[in-house]
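Peer 1: One structure, pasted below without further comment.
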Amino acid sequence: MATGSESKLQLVHRHVRLFPDFPKKGILFRDICPILKDPAALTAVIDLFEEHVRRNHKQVDLIVGLDARGFLFGPLLAQRLGVGFVLVRKKGKLPGATVSVAYDLEYGKAEAEIQEDAVAPGQKVLLIDDLLATGGTLYAACQLISKQKADILDCMVVIELKELNGIDKLKPHSVFSLLQY
């Protein structure tokens, strides 16, 4: 990354707040709320995502944001790129006909869904979320996009927790993360 990109990355890093033992003992929670509160830090996140996309993808048709924090970054990036934004939500939150997929959580199961007409076959999409941990939610979103017969260009996250190996679950899809811990 160029010097400007490095300084933006440092700004983003400085705005990640740590909470030990949240949501349970032994977890070090990385909070992105300070990024959202600071206009310069939020702009830096979108700038960095935009730089990555423009450098690596000639054509993008849609940004697909994951419930709920992908909704914070996705529309801003979509607006910058001049493309549409689509929601992947928890089951039961979208009106109309939907396509769904079940996936495993640490302690149970969940379902994600997308509106049936949200993504057309052959469209080139980027998935975006705030965090990649075990990869379950992003993997489910990839399955939804595959069911729609669209092409996944990249999965993008602000933070990747490398020790949880979520990236392995997403192969063969590539993952771009701003910060790795």
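Peer 1: Checking Leu105 against (1) surrounded by fewer than 19 Cβ atoms within 10 Å (Cβ to Cβ); (2) within 19 Å of Arg54 (Cα to Cα), only one condition comes out false. Which one?
Peer 2: (2)
Peer 1: Inspect all residues belonging to the range 14-34 and state whether any of them is part of a helix (DSSP H, G or I) and surrounded by 15 or more Cβ atoms within 10 Å (Cβ to Cβ).
Peer 2: no
Peer 1: State all residues of the range 72-89 that are free of Cβ contacts under 8 Å to residues at least 24 places away in the same chain and not in a loop (DSSP other than H, G, I, E, B); if no residue qualifies, say none.
Peer 2: The answer is Pro75, Ala78, Gln79, Gly84, Phe85.
Peer 1: Suppose we filter Ala141, Ala133 for residues that are closer than 19 Å to Lys109 by Cβ, buried (at least 20 other Cβ atoms within 10 Å of the Cβ) and not charged (D, E, K, R); which single one remains?
Peer 2: Ala141
Peer 1: Let me spell it out: the conditions are (1) touching a Phe, Trp or Tyr at 6+ places or on another chain (Cβ under 9 Å); (2) assigned to a helix (DSSP H, G or I); (3) of a type outside the set (Val, Ile, Thr), and Asp168 meets all of them except one. Which number is the exception?
Peer 2: (1)
Peer 1: Of the residues that make up the range 164-177, is at least one within 20 Å of Phe71 (Cα to Cα), modelled with pLDDT of 95 or more and either touching a Lys or Arg at 6+ places or on another chain (Cβ under 9 Å) or of a type in the set (Ser, Thr, Tyr) (or both)?
Peer 2: Within the range 164-177, one or more residues are within 20 Å of Phe71 (Cα to Cα), modelled with pLDDT of 95 or more and either touching a Lys or Arg at 6+ places or on another chain (Cβ under 9 Å) or of a type in the set (Ser, Thr, Tyr) (or both).
Peer 1: Tell me which residues, restricted to the range 112-144, are touching a helix residue (DSSP H, G or I) at 6+ places or on another chain (Cβ under 8 Å) and over 20 Å from Leu72 (Cα atoms).
Peer 2: Thr134
Peer 1: Let me ask something additional. Kindly provide the set of residues from the range 90-124 that are more than 16 Å from Thr137 (Cα to Cα), without any contact (Cβ under 8 Å) to a residue 24 or more places away in the chain and either in contact with a Cys (Cβ under 6 Å, 6 or more places away or on another chain) or not in a loop (DSSP other than H, G, I, E, B) (or both), ordered by number.
Peer 2: Thr98, the sole residue that qualifies.
Peer 1: Can I ask one more? Among (1) crowded, with 16+ Cβ neighbours inside 10 Å; (2) farther than 19 Å from Asp129 by Cα, where does Leu48 come up short?
Peer 2: (2)
Peer 1: Continuing with the same structure: Given the conditions (1) part of a loop (DSSP other than H, G, I, E, B); (2) modelled with pLDDT of 95 or more; (3) of a type in the set (S, T, N, Q), and given that Thr134 satisfies all but one, which numbered condition is not satisfied?
Peer 2: Thr134 satisfies every listed condition except (2).
Peer 1: Which count do you get for residues in the range 1-53 that are of a type in the set (A, V, I, L, M, F, W, C) and closer than 15 Å to Leu161 by Cβ? If you could, list the steps in order and put the result at the bottom.
Peer 2: Taking the range 1-53 as the starting set, the residues that turn out to be of a type in the set (A, V, I, L, M, F, W, C) are 1-2, 9, 11-12, 16, 18-19, 22, 27-29, 32-33, 35-36, 40-42, 44-46, 48-49, 53.
Okay, now just the ones that are also closer than 15 Å to Leu161 by Cβ, so 16, 18-19, 22, 27-29, 32.
Selection size over the range 1-53: 8.
The values are calculated or read from the model by the stated rules, or taken from the named source; none is laboratory data. Every value quoted in this text rests on a predicted model; they were computed, and no experiment measured them. Using ideal geometry, Cβ is built from the backbone for each residue, glycine included, and neighbour counts are taken over all protein chains shown.
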